[in-house]
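No value in this document is a laboratory result; all are computed from the given coordinates. Note that this is a predicted model, so its numbers are computed, not measured. So basically every Cβ, Gly included, is an ideal-geometry build from the backbone, and we count neighbours across all protein chains shown.
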Ligand SMILES: NC(=O)c1ccc[n+]([C@@H]2O[C@H](COP(=O)([O-])OP(=O)(O)OC[C@H]3O[C@@H](n4cnc5c(N)ncnc54)[C@H](O)[C@@H]3O)[C@@H](O)[C@H]2O)c1
């Protein structure tokens with residue numbers, strides 16, 4: 001068996017400890033976790049103890065001196081750039097959580113650091129690894145839905161004020177529900193349709209919560225894609241968790257795919273399609289016989305984060321291109337910037353590409 005890629009983790013908080021590190025241990029066949037680092041040393045020690053990781057530390061320097069090939073960065077987005085550059089300069093390959101960074105200038109810096117060092121970079125748009133989302137992509141790419149008319153992706157949660165939460169401090173997060181959750185939705189629609197977002201507009205408000213700084217808790221965005229299809233990305237911090245549908249809807253001239261719960265950290269969900277091309281002309285009675293054409297998909301979920309570790313480890317071993325590149329990250333920043341501008345200026349904005 002080929003040797004496993006040796007990994008270090010930078011940032012042992014929510015997503016790392018809840019999903020990525022456990023999935024390293026429980027499902028990764030290609031990666032081995034050898035060291036964890038957090039600015040909060042106690043946190044790093046606790047995670048190392050809990051998951052039986054041989055080494056922990058509180059500085060990037062110490063982590064990067066370990067015998068590791070790659071790092072997983074799961075810190076707040078305002079420090080991704082600095083840590084990516086530091087890791088690249090130390091010759092480590094990098095899997096970095098979304099959102100990639102907070103400005104295009106930062107993406108430029110990350111890109112030249114990775115290029116100069118000859119290291120690979122992958123962005124953590126993990127929703128691409130949900131089995132249902134992969135199936136939806138297959139259906140769209142094979143033309144089963146016909147010409148795409150509309151795609152909608154929704155991700156919501158209840159996120160009240162939490163003392164000290166960096167997401168609620170705009171100087172760190174640089175935005176609210178859109179940058180935090182909407183970025184996944186924007187990416188999944190582009191990936192499924194294999195089309196870029198070219199125009200954006202929408203509404204955002206701080207409707208419900210009293211956060212310490214102004215970030216949106218409600219974001220409803222309308223899009224146009226390069227294939228001509230329209231899109232909606234809705235992300236809210238002010239809907240009850242129990243009511244969250246986290247819907248995925250793909251509508252084409254031959255039919256639709258509807259998913260629920262396929263956008264989220266859980267690898268599961270459910271999905272059905274109704275594919276029934278219109279065989280006759282206009283039917284004024286508007287009789288709909290959807291049961292005939294309805295197909296349910298029942299699939300077993302596979303951990304999204306463990307899959308990312310394995311995919312990127314394989315990429316390193318086989319020296320192939322990362323599936324989610326710095327260029328994808330750059331485009332994501334361009335779309336997010338265009339959306340915030342469009343909302344502020346109350347108009348439609350073309351995404352610079
Ligand atoms: N892909 C996903 O599904 C997903 C889900 C949640 C979060 N995320 C992303 O992951 C990142 C982290 O989010 P989170 O929810 O885990 O946040 P968190 O606050 O729960 O954890 C962040 C951790 O980083 C540590 N940290 C802060 N500054 C640091 C530094 N300079 N060096 C090292 N460690 C530092 C903190 O002590 C904390 O333990 C964010 O970019 C977020 O958008 C992605």
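The residue 275 and residue 62 beta-carbon pair, evaluated with R₀ = 56 Å, returns a calculated FRET efficiency of approximately 0.55. Based on the Kirkwood approach, the hydrodynamic radius assigned to segment 1-77 is 12.2 Å, with every pair of different Cα atoms included. For the chain, the longest principal axis of the alpha carbon atoms and the long axis of helix 183-193 meet at an angle near 60°. Rounded to the nearest 10 degrees, the angle from helix 304-318 to the longest Cα principal axis of the chain is 70 degrees. What is the distance in Å between the Cα centroid of segment 118-154 and that of segment 196-210? Their Cα centres are 22 Å away from one another. Rg over Rh for segment 274-353 works out to 1.20, using Cα positions for both radii and the Kirkwood form for Rh.
Here, segment 86-220 is characterised by an Rg to Rh ratio of 1.02, where Rg is the alpha-carbon radius of gyration and Rh the Kirkwood radius. Whole angstrom only: what separates the Cα centroid of segment 35-70 from the Cα centroid of segment 91-109? Segment 35-70 and segment 91-109 have Cα centres separated by 21 Å. For a quick check, take a GNM of the chain with Cα springs below 10 Å and name the residue from 128, 196, 45 with the largest mean-square fluctuation. Its mean-square fluctuation being the largest, the pick is 45. Hydrodynamic estimate: the Kirkwood radius of segment 164-294 over Cα pairs, inserted into Stokes-Einstein at 4 °C and 1.567 mPa s, corresponds to D of 77 µm²/s.
Between segment 314-345 and segment 218-232, what is the C-alpha centre distance in whole Å? Segment 314-345 and segment 218-232 have Cα centres separated by 17 Å. Considering the chain at the alpha-carbon level, its Rg and Dmax are found to be 20.9, 71 Å. Here 171, 322 are placed in order of increasing Cβ neighbour count within 10 Å, fewest first, which gives 171, 322.
Between the Cα long axis of helix 80-89 and the first principal axis of the chain there is an angle of about 50°, rounded to the nearest 10. A Cα-only calculation for segment 45-84 places Rg and Dmax at 11.2, 29 Å.
Neighbour counts of other C-beta atoms within 10 Å: give me 80, 174 arranged from fewest to most. Write out the running numbers ahead of the final one.
Values: 80 27, 174 20.
Listed from fewest to most nearby Cβ atoms, that is 174, 80.
Pairs of Cα atoms nearer than 8 Å and 6+ residues apart set the relative contact order; for the chain it is 19 percent. Whole-percent P(r), segment 1-151, all Cα pairs, 10 Å bins from 0: 11, 37, 30, 16, 6, 1.
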